[in-house]
Amino acid sequence: MKKNVRALLVILGLMVLSACGKEADDGSSMEVLPLLVELSVTEHAEVGETVKMEALVTYGGEKVEDADKVVYEVWEDGMKDDSIMIDSVNEKNGLYTAETIFEKDGLYHIQVHVDAKRLHSMPVKEVIIGEGPNSEGHDDEHAEEGHEHGQTDGFSLHFVKPEHAKAGTDTEMMTHLQIDGQPLENANVRYEVWGDSLGEKHLWIDATELKAGEYTASHSFADAGTYTVKIHVKDDNGLHEHEEFTFEVQ
């Protein structure tokens, strides 16, 4: 009888180990491949000319034809808070396109936001329209202001503006950071927030990296109103960037 019980226990133990081994194999075999986005835009165009934007999306060397989201964000240099979003057209074979027209001379930024395979990529490029940023009243002071950020080659920042933020409840502030098309990890990110309801007070809120390159913080604003947030980014390699945005709290 004892021998039968021991044999049964051994069999059960082997079954448990086998199941655990299968689970471990399933988890460890899921290799995370890079999501690559090749953004192509015209480097120079004239006012009123159609500017084509193309993004070739690949994952593990295979073209992605079913991306969850591909949206283009366009803004004039130094005015990202007034950016516009343009939906793309899925041309199949991994290619997502869109078009836009610029109505005045200047330096503009075009950034494509791609969500696919549970990953996020957001490369950015510049386009010069007409005579560039120094025409039509763009003075040197404005040009310097516009180039205050984004001095690090390959650096890009995307702030997800809070929607339906309400006073007295937690408001989530999220920022995606990339360097050379890949998530910028292990950065020191802080949100500096101020607004009329705060008087001269500035709030400093540390962000937490919940996912690779995604930095989130929450704060409960006591009063409704318009708030400005300056996102400060530093890392151990000497990178130091900051950008400003505004958002509404109801």
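Here is a list of conditions, (1) at pLDDT below 90; (2) open to solvent by 80 Å² or more (accessible area, probe 1.4 Å), and residue 130 meets all of them except one; can you say which number that is?
The failed condition is (2).
For segment 239-250, enumerate the residues that are of a type outside the set (Ser, Thr, Tyr), open to solvent by less than 60 Å² (accessible area, probe 1.4 Å) and either closer than 16 Å to residue 158 by Cα or not in a strand (DSSP E or B) (or both).
239, 241, 242, 243, 245, 247, listed by residue number.
Among the listed residues 214, 163, identify the single one that is out of contact with any strand residue (DSSP E or B) (no Cβ under 8 Å at 6 or more places or on another chain) and among the acidic types (Asp, Glu).
On the way: 214 fails: out of contact with any strand residue (DSSP E or B) (no Cβ under 8 Å at 6 or more places or on another chain).
On inspection, the qualifying residue turns out to be 163.
For segment 186-225, how many residues meet the condition of being part of a strand (DSSP E or B) and either within 28 Å of residue 120 (Cβ to Cβ) or free of Cβ contacts under 8 Å to residues at least 12 places away in the same chain (or both)?
Adding up the residues that qualify gives 21.
Exactly one of (1) within 22 Å of residue 213 (Cα to Cα); (2) open to solvent by less than 70 Å² (accessible area, probe 1.4 Å) is unmet by residue 125. Its number?
That leaves (2) as the condition not met.
Taking residue 96 and the conditions (1) of a type outside the set (Lys, Arg); (2) open to solvent by 20 Å² or more (accessible area, probe 1.4 Å); (3) within 23 Å of residue 178 (Cβ to Cβ), which numbered condition does it fall short on, given that it satisfies the others?
Unmet for residue 96, out of (1) of a type outside the set (Lys, Arg); (2) open to solvent by 20 Å² or more (accessible area, probe 1.4 Å); (3) within 23 Å of residue 178 (Cβ to Cβ): (2).
Assess whether residue 216 counts as being open to solvent by 60 Å² or more (accessible area, probe 1.4 Å), at pLDDT 90 or above and not charged (D, E, K, R). It would help to see each step written out before you state the result.
On the way: open to solvent by 60 Å² or more (accessible area, probe 1.4 Å): no; at pLDDT 90 or above: yes; not charged (D, E, K, R): yes.
No: the conditions fail for residue 216.
Would you mind telling me which numbered condition in (1) more than 15 Å from residue 158 (Cβ to Cβ); (2) within 13 Å of the chain's Cα centre (by Cα); (3) hydroxyl-bearing (Ser, Thr, Tyr) residue 228 fails?
Of everything listed in (1) more than 15 Å from residue 158 (Cβ to Cβ); (2) within 13 Å of the chain's Cα centre (by Cα); (3) hydroxyl-bearing (Ser, Thr, Tyr), residue 228 misses just condition (2).
Only one of 171, 100, 152 is at negative phi, of a type in the set (S, T, N, Q) and modelled with pLDDT under 85. Can you tell me which? Walk me through it before giving the result.
Numbers: 171 fails: modelled with pLDDT under 85; 100 fails: modelled with pLDDT under 85.
Selected residue: 152, the only one of 171, 100, 152 that is at negative phi, of a type in the set (S, T, N, Q) and modelled with pLDDT under 85.
How many of the residues in segment 27-51 are modelled with pLDDT of 85 or more and farther than 24 Å from residue 122 by Cβ?
Adding up the residues that qualify gives 4.
Can you give me the number of residues within segment 226-238 that are surrounded by 14 or more Cβ atoms within 10 Å (Cβ to Cβ) and not in a strand (DSSP E or B)? Walk me through it before giving the result.
Keep residues of segment 226-238 that are surrounded by 14 or more Cβ atoms within 10 Å (Cβ to Cβ), which gives 227-235.
This time we only want the ones that are not in a strand (DSSP E or B), so: 235.
The qualifying residues number 1.
Do the conditions hold for residue 77, that is, is it charged (D, E, K, R) and either closer than 12 Å to residue 124 by Cα or open to solvent by 50 Å² or more (accessible area, probe 1.4 Å) (or both)? Let's see the steps before the verdict.
Values: charged (D, E, K, R): yes; either closer than 12 Å to residue 124 by Cα or open to solvent by 50 Å² or more (accessible area, probe 1.4 Å) (or both): no.
It is false that residue 77 is charged (D, E, K, R) and either closer than 12 Å to residue 124 by Cα or open to solvent by 50 Å² or more (accessible area, probe 1.4 Å) (or both).
The values are calculated or read from the model by the stated rules, or taken from the named source; none is laboratory data. Since we're looking at a predicted model, the values are computed, not measured. In this analysis, Cβ positions are derived from the backbone assuming ideal geometry, glycine residues included, and neighbour counts consider all displayed protein chains. Quick note on the areas: whole protein, heavy atoms, side chains included, nothing else; ligands and nucleic acids left out. Shrake-Rupley method; radii C 1.70, N 1.55, O 1.52, S 1.80 Å.
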